[in-house]
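S.K.: Right, I'll just put the structure down here and ask away after.
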Amino acid sequence: MLTLSSKSTTVNFNTLRPKPFGLSPLKHNRHDARNLDDLQHLLTQHLQTSLEVDRLFGYFFADITGLIALSGLSYSHEKTDLHLQLGSTAANSCTFPLIHEFESLGILTLYQEQPFTLQKQMLLENLVDTLRFPLRNALLYRSAVQASLKDPLTGTGNRAALQQSIQRETELARRYGQPLSLIMLDMDHFKRLNDEHGHDAGDQALKSVARLLKAQLRNVDMVFRFGGEEFLLLLANTPASAAVQVGERVRRAIETTPLELRSTSVRLSASLGCAVYRPGESSDALLQRADAALYRAKQAGRNQMQLAV
Ligand SMILES: Nc1nc2c(ncn2[C@@H]2O[C@H](COP(=O)(O)OP(=O)(O)OP(=O)(O)O)[C@@H](O)[C@H]2O)c(=O)[nH]1
């Protein structure tokens, strides 16, 4: 069911659908009415050409604002934390919960300076309807892509995601001369934890550490599970001095957050190696330097961070 609510009204369009476009100026003008058909046709065609959510809304907004005055739109899909806005917000808004077979595809809000007439709301509802199937497909595609880049146990990025991100971030750091730091983190004595408390306890420890890492970092920092009990933190726009602080914060958070198991509580620790990107060096070389620093941290007694040379 598609329902629409505006600032002051809530309209169920299942009951209103048979009504034609009504008394708006569009109704009296064959040219405009033809354009509306064209618009619906054009929209349907455009929306078939992309599986990317932001592009779909880009086409949608560009196409309908060619005929209908709107200031902007916003779209949010809470389930996937997807939010986007095009144009600008305005005094009046019209909100469309997008639903496909009982599944929420998100909420679309359209903005304009003038109040929305009922006719305009109905017209927009018809146009919004063209989004439903393309949007459903785009959301499915997006979640498949995201799943393929996530480590299923910890929800952090996986190795494939790391490859993409590190290429992009080193390229950006090189082009804009911004500092980029990379921290490689390896849990200490993880084999012992598995051996003494079982593999499930080891898995719980990895999940707990992933949570701690995410909690300690900024939104723009990236966390990846690099190997079994190894994580990688990619800190964009972060020089060595700040990376050292981040590393120490993370190390301390792990050290001071014991893993609570059913019958006991286990202390955890991790060793870290940090390398700061040198303009022109390959991502592999950067990773190798972080790895060498991590090795030194292990050699020096664990539960510490070493900076790469
Ligand atoms: N529970 C669990 N254990 C894992 C996973 N991936 C790797 N491991 C275990 O992590 C352990 C890593 O052992 P080692 O490489 O010897 O390292 P360590 O025992 O942490 O020793 P140091 O790194 O030298 O402190 C192995 O026993 C792996 O089986 C996982 O997904 N879950």
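The values are calculated or read from the model by the stated rules, or taken from the named source; none is laboratory data. In this text, all values refer to a predicted model and were calculated from it rather than measured experimentally. As a convention, Cβ positions derive from the backbone with ideal geometry for all residues, glycine included, and neighbour counts pool all protein chains shown.
S.K.: Within the range 189-197, identify whether any single residue is over 20 Å from Tyr295 (Cα atoms), among the polar types (S, T, N, Q) and touching a residue at least 24 places away in the same chain (Cβ under 8 Å), and answer yes or no.
M.R.: no
S.K.: Keeping to the range 295-309, report how many residues are on the phi < 0 side of the Ramachandran plot, surrounded by 14 or more Cβ atoms within 10 Å (Cβ to Cβ) and within 15 Å of the ligand (Cβ to nearest atom).
M.R.: 7
S.K.: Can you tell me which residue among Ala215, Ala292, Ala201, Ala210 is more than 16 Å from the ligand (Cβ to nearest atom) and either assigned to a strand (DSSP E or B) or surrounded by fewer than 22 Cβ atoms within 10 Å (Cβ to Cβ) (or both)?
M.R.: Ala215
S.K.: From (1) outside any strand (DSSP E or B); (2) touching a strand residue (DSSP E or B) at 6+ places or on another chain (Cβ under 9 Å); (3) modelled with pLDDT of 90 or more; (4) within 14 Å of Val128 (Cα to Cα), pick out the condition that doesn't hold for Ile68.
M.R.: It is condition (3) that Ile68 fails.
S.K.: Mind listing whichever residues of the range 124-161 are under 17 Å from the mean Cα position of the chain (by Cα), touching a residue at least 24 places away in the same chain (Cβ under 8 Å) and not in a helix (DSSP H, G or I)?
M.R.: Once the filter is applied, which keeps residues that are under 17 Å from the mean Cα position of the chain (by Cα), touching a residue at least 24 places away in the same chain (Cβ under 8 Å) and not in a helix (DSSP H, G or I), the range 124-161 yields Asp151, Thr154, Gly155, Thr156, Gly157, Asn158.
S.K.: Report whether or not Leu140 is out of contact with any Ser or Thr (no Cβ under 7 Å at 6 or more places or on another chain) and surrounded by 14 or more Cβ atoms within 10 Å (Cβ to Cβ).
M.R.: no
S.K.: Does the range 241-251 include one or more residues that are in contact with a Phe, Trp or Tyr (Cβ under 8 Å, 6 or more places away or on another chain), at pLDDT 95 or above and crowded, with 22+ Cβ neighbours inside 10 Å?
M.R.: No.
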